[in-house]
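One structure is given here, and the rest of the page talks about it.
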Amino acid sequence: MWITLSFLLHAILFIIIFLLSSRISQLNKDVANIQSIKQDVEEALMASVQEIQAENQKLLNEINKKTDHAEKAQIKALPNDDDDDDEIETRSSTNSNSGTEQSSEQIQEDERYSDYQPPFLSDESKSEGVAFEPSLTVRVLSLAKQGQNIEQIAKSLKIGKGEVQVILNFYK
């Protein structure tokens, strides 16, 4: 009888040990699956970050191109009575380098708004409480002209440094 009881206890212990070992192996498989999923998610996030960085770089390049076109348009718009030949050379080199429709559209738009005069406050509108405030871009540019750095401008206008940097880069 003691031997039967001993065999029965041994059989129960072997079954428990087998169940525990199978449960441990299942947990190890789950951990491996979780790690592979984690690695896949990290790779997907890295790919997304790289795509965003590439888009940001393209955007910066477009902004730089547009500012270059705007600067060239301003150079064309400046009257230069002394050196008409230089002006013609500048125009021809600009046209040959940037013969795109976008640059000509930009030039036409610049010419269209070159004689813009901002509105002024009459005594009547002042009494009604109407006020004109400079835009964020104008405020950033004026603070930059005063010699403040990006961090000071961002802090005084309560905006991000990146936003200030983009505005300054766009208008340089």
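Here's the yes/no breakdown for (1) exposed (fewer than 10 other Cβ atoms within 10 Å of the Cβ); (2) closer than 30 Å to Phe170 by Cβ; (3) in contact (Cβ under 8 Å) with a residue 40 or more places away in the chain; (4) among the aromatic types (Phe, Trp, Tyr):
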residue	(1), (2), (3), (4)
Phe7	no, no, no, yes
Ile15	no, no, no, no
Phe18	no, no, no, yes
Lys38	no, no, no, no
Glu42	no, no, no, no
Leu45	no, yes, no, no
Glu51	no, yes, no, no
Leu59	no, yes, no, no
Glu62	no, yes, no, no
### Query
Listed residues Glu133, Glu151, Glu124, Glu128; which is at pLDDT 90 or above and acidic (Asp, Glu)?
Glu151
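The values are calculated or read from the model by the stated rules, or taken from the named source; none is laboratory data. A quick note: this is a predicted structure, and the numbers were derived from the prediction, not measured. Please note: Cβ atoms are built from the backbone with ideal geometry, for glycine as well, and neighbour counts cover all protein chains shown.
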